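Right, one structure below, let's go through it.
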Amino acid sequence: MTATTTTTTAEKRPTLARSAMVLIFALMLVGGALRSVEAGCQNTLKLALKDVWLCGVISYGVALTGVGAILLASLVVSRRREWPTRADLAAMPKWAPFGGLTGGAAIFAMIAFASSVGVGTFNAVIIAGQMFVAAAMDHFGVLGFPRRRISARRVTACAMIIIGSYLMAKY
């Protein structure tokens, strides 16, 4: 996947080739689809265990095991041996490792509430929340992301997501 540079109004940011973008969007769609399957798995686990917290711990334990297995397989296949140095770790922002906690909050929300409102409504509202924060993060260029100023079209897209969330909840 080769990155090229395009110029927009007063901004320069890398763009990907069209074929790479199609592949990335397809993988993101699959990832999004799996979130709904995840909600079903989480709900089934919660019902079997009768405990939201135990369900979350088991879910994260399985996820950690899966990611660890993927890491091991990728190390064997790629023979990658480069690891971060102490200087790399010292230069890393102190807040960087806490993304897992925010993901954990989303997982616990899924476990606790998706079965009450339905997986469609749950995902729609989650996506709406993600879009509001994402638009603000892009606008201000925070947490390592390049700055992408808010526009009327992006505000309209966020509003459409809210309308879609309402419609999912109502019907």
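Numerical summary
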item: Hits in the stretch 70-99 - residues which are small (Gly, Ala, Ser) and within 30 Å of Phe113 (Cβ to Cβ); result: Ala96, Gly99
item: Out of Arg18, Arg79, Arg35, Arg13, sole residue that is closer than 22 Å to Ala106 by Cβ, modelled with pLDDT under 90 and open to solvent by 50 Å² or more (accessible area, probe 1.4 Å); result: Arg35
item: Residue under evaluation Ala87, criteria (1) surrounded by fewer than 10 Cβ atoms within 10 Å (Cβ to Cβ); (2) within 25 Å of Gly61 (Cα to Cα), criterion not met; result: (2)
item: Matching entry among Ala169, Ala159, Ala135 (being open to solvent by less than 40 Å² (accessible area, probe 1.4 Å), in a helix (DSSP H, G or I) and without any contact (Cβ under 8 Å) to a residue 60 or more places away in the chain); result: Ala135
item: Residue match in the stretch 113-121 (condition: part of a helix (DSSP H, G or I), open to solvent by 90 Å² or more (accessible area, probe 1.4 Å), under 27 Å from Gly61 (Cβ atoms) and among the small types (Gly, Ala, Ser)); result: yes
item: Members of the stretch 58-70 that are exposed (fewer than 13 other Cβ atoms within 10 Å of the Cβ) and either within 18 Å of Ala106 (Cβ to Cβ) or at pLDDT below 90 (or both); result: Gly61, Val62, Leu64, Gly66, Val67
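The values are calculated or read from the model by the stated rules, or taken from the named source; none is laboratory data. As the structure is a prediction and not an experimental result, all values here were calculated from the model. Virtual Cβ from ideal backbone geometry, glycine too; neighbours counted across all protein chains shown. Just so you know, the surface numbers come from the protein's heavy atoms only, side chains and all, with ligands and any DNA or RNA stripped out. Shrake-Rupley method; radii C 1.70, N 1.55, O 1.52, S 1.80 Å.
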